[in-house]
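A quick write-up on the structure given underneath.
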Amino acid sequence: MFSLDIRTLYLCCTLINILNIVLISSLHIQVKKRFPGTFLILINFCLGAMGNVLVFFRGYIPDWASIPLANVLLISSLIGLLMGLEQFLDKKGSHIHNYILTSIFLIIHSYYTFIEPDLNARNINIAFAYVIISFQIIYLMFRRTPIAMRKITRSIGYLFCAVFIIQVLHIIYNVQKEDVVSDYFKSSTIESLFLSSWIIITVLMPYTITLMYNKRLIININKQEEKFSKAFHAAPFVITLSKFSDGKIFEVNKSVEAISDYKIEDIIGMNSAELNLWGQKSDRQKFLTSLSSNGFVKENEYIFRKKSGELFPGSMTAQVININNEDCIISVINDISNRKKAELNLRNSEATLRELNSTKDKFFSIIAHDLRTPFNGIMGFSQILRDQIKENNYEDIDEYAEIIYTSSEHAMALLSNLMEWSRSQSGQMKFNPEYIDLIALIQNTLGLLKTSSEQKQIHINLDAAANIIVYADKEMIETVLRNIISNAIKFTPKKGVINIQTKEMESEHLISVIDSGVGISKDDLEKLFHLDKSHTTAGTNDESGTGLGLILCKDFIDYHKGKIWAESEVGVGTNMRFCLPKINPLIN
């Protein structure tokens with residue numbers, strides 16, 4: 001039987017691999033930023049070429065290079081291809097088993113090369129390795145790949161099905177073969193045919209890989225076109241594309257119909273002058289002059305005309321871009337009629353707003369700020385309660401109901417306070433001091449703010465005597481404590497610590513609320529307690545505030561002839577302090 005020269009076949013395989021390297025290198029340069037894994041596929045062909053070269057020179061170079069090393073390179077090239085395809089499909093997996101497979105393969109191959117030379121055993125060894133790796137590639141292409149992607153990976157899957165079948169046949173052939181040949185290049189014609197089939201696979205491989213890349217590229221391009229087309233037509237402002245040379249519009253989005261009353265077909269092929277879109281012809285000239293000199297126009301305001309002749313103000317942004325080697329203009333026109341009306345209304349009501357922006361309005365807003373605290377607890381635990389009841393999970397619902405009830409009570413109390421503060425701002429509220437237990441008041445306030453502190457997992461320590469009796473207006477001091485402690489919670493990060501301390505001085509009681517929060521800069525410290533320098537900052541969980549709480553606190557502390565101040569260091573925390581006289585402040 002006529003036998004094909006195996007060395008010549010390996011030379012052909014090497015040359016084909018070199019051509020494949022050139023093709024895949026070109027593909028890698030074009031798509032490396034778009035698709036991952038191409039470099040590993042390129043490495044696959046490089047390793048394959050190196051392995052084939054070493055086999056080709058068998059008999060002229062040491063056996064360790066032309067047999068074990070060469071075949072390890074061939075097996076490694078397939079593993080590199082598998083890893084590259086996984087990256088391309090975003091299905092990365094562990095390859096420890098393949099590293100172990102390669103090691104075992106090298107040991108077996110070395111054994112049947114140097115210790116007990118056996119060409120058949122080596123052929124079975126490498127065919128078995130091909131079967132295992134081919135099966136992994138087939139499984140990746142047909143099963144691990146997302147269903148939507150299987151259409152583009154199917155060709156590679158079929159190709160390696162052929163590899164799998166050929167190598168299984170190769171194993172069967174070598175197992176049942178009786179004649180023993182020690183020189184691989186003197187193998188039978190059937191062995192040559194197996195090698196020829198691999199050459200055909202090598203020729204088809206870059207084609208199927210390139211085909212897969214092209215199909216995915218087309219899919220991605222179609223998705224991009226669909227995405228940008230939807231965004232283009234869904235934009236709530238007019239977008240046009242026109243030629244720079246004559247201004248002819250060749251693309252416009254659907255918003256033009258709602259804003260200008262023109263149909264899309266009325267506009268295509270026309271320029272803005274022919275459509276009489278400009279309220280003033282001089283505006284068009286100014287626009288073109290600015291666009292020609294700068295290459296762009298940004299948010300310039302012009303008057304435009306609808307199809308009906310009605311004028312409307314618009315903000316226009318435009319830029320010169322190049323499409324198919326031709327200068328074009330992309331223009332965006334936003335109807336700012338509502339904004340202009342709002343600006344006009346704002347100017348007309350400026351005097352009224354200035355009057356409304358008074359101290360009592362700011363005081364009311366801080367009370368409203370305090371009201372959010374219990375309502376947040378009510379809403380949060382109500383949602384938990386609702387979800388658990390839906391799931392027939394009644395664990396802890398009595399506790400949640402109790403929290404909701406307590407928070408509701410606090411909210412009602414605060415609403416009552418709001419009515420009294422409104423009377424105070426109208427001059428109807430009186431200063432009503434009485435002997436009160438300050439520690440009990442602090443504990444009640446902590447109960448009110450328990451939900452807020454627990455949500456941020458903040459630990460609050462109270463270091464105080466058993467009781468401290470002061471002569472003060474209970475409602476005012478409650479408001480002071482609520483504001484100061486809630487601010488400490490707001491500006492303390494999760495799992496932070498707040499220390500509340502009381503100290504008995506010679507003639508007054510000192511109360512300190514020390515947080516481990518973000519701190520206040522020296523400049524901002526000077527703005528505290530000043531109405532004309534009202535300062536507000538978002539909390540660590542973006543909690544909002546009016547910035548008037550401390551101003552209200554100072555006002556109420558002043559009622560008691562006390563003092564309030566802050567000490568702070570950015571990044572360390574804030575120590576908010578106030579003191580109340582021991583004696584009746586009204587007796588002097």
Summed side-chain charge close to GLY519 - residues other than GLY519 whose Cβ falls under 12 Å, Lys, Arg +1, Asp, Glu -1: -3
Any idea which of VAL480, SER453, SER512 is furthest toward the positive side of the dipole for segment 430-581, if Lys and Arg beta-carbons carry +1 and Asp and Glu beta-carbons -1? SER453
All lysines inside 26 Å of LYS341 as judged from Cα atoms, apart from same-chain residues fewer than 8 positions distant: LYS254, LYS281, LYS286, LYS298, LYS306, LYS307
In debye, nearest 20: dipole of the chain around its Cα centre with unit charges on the Cβ of K, R (+) and D, E (-)? 1900
Straight-line reach check, LYS151, cutoff 29 Å on alpha carbons, 8 or more apart in-chain or any other chain, hits among lysines -> LYS32, LYS33, LYS91, LYS92, LYS215, LYS223, LYS227, LYS230
Accessible area per residue in Å² at 1.4 Å probe, computed on the chain: 54
At most 16 other Cβ within 10 Å, DSSP loop - trypsin sites (Lys or Arg not before Pro), segment 426-511: LYS430, LYS494, LYS495
If you put +1 on each Lys and Arg Cβ and -1 on each Asp and Glu Cβ, how big is the dipole of segment 235-339 around its Cα centre, in Debye rounded to 20? 200
Please list, or write none, the lysines whose alpha carbon is within less than 22 Å of the alpha carbon of LYS494, excluding same-chain residues fewer than 8 places away. LYS450, LYS456
Where the centroid of each part is defined by its Cα atoms, how far is segment 460-520 from segment 131-163 in Å? 68
A student applying the Cα gyration tensor rule (rounded when a/c is under 1.5; otherwise prolate if a/b is larger than b/c, oblate if not) would label the chain oblate
C-alpha center-to-center spacing [segment 64-91, segment 216-242] in angstrom: 40
Under 5 Å between amide hydrogens, which residues at least 5 positions from ASP473 or on another chain qualify, with H placed 1.01 Å from N in the peptide plane? GLU434
So the FRET efficiency between LYS494 and LEU344, C-beta based with R0 = 41 Å and rounded to 0.05, is 0.35
Estimated 222 nm signal from helices in the chain, with DSSP H stretches of n ≥ 4 weighted -39500 (n - 2.57), rounded to 500: -19000 deg cm²/dmol
Lys, Arg +1 and Asp, Glu -1 on Cβ, resulting dipole of segment 427-518 about Cα centre, debye, nearest 20: 560
Kyte-Doolittle cut-off 1.6, length cut-off 18 Å along the helix's own axis using Cα: show which whole DSSP H helices in the chain pass. 38-56
Using 7 Å Cα-to-Cβ label points, what is the PHE375/ARG150 separation (nm, one decimal)? 5.4
Candidate cut points under trypsin sites (Lys or Arg not before Pro) in segment 77-125, DSSP loop plus at most 12 other Cβ atoms within 10 Å of their own Cβ, are LYS92
A 1.4 Å probe over the protein heavy atoms gives the chain a carbon and sulfur accessible-area percentage of 57
Determine the relative contact order of the chain: mean sequence separation of Cα pairs under 8 Å and six or more apart, normalised by residue count, in whole percent. 7
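The values are calculated or read from the model by the stated rules, or taken from the named source; none is laboratory data. Computed from a prediction, not measured in an experiment: that's the story for all the values here. Every residue, glycine among them, receives a Cβ derived from its backbone with ideal geometry; neighbour counts consider all protein chains shown. Each accessible area value is taken on the protein alone, full model and side chains, heavy atoms only, with ligands, DNA and RNA left out. Shrake-Rupley method; radii C 1.70, N 1.55, O 1.52, S 1.80 Å.
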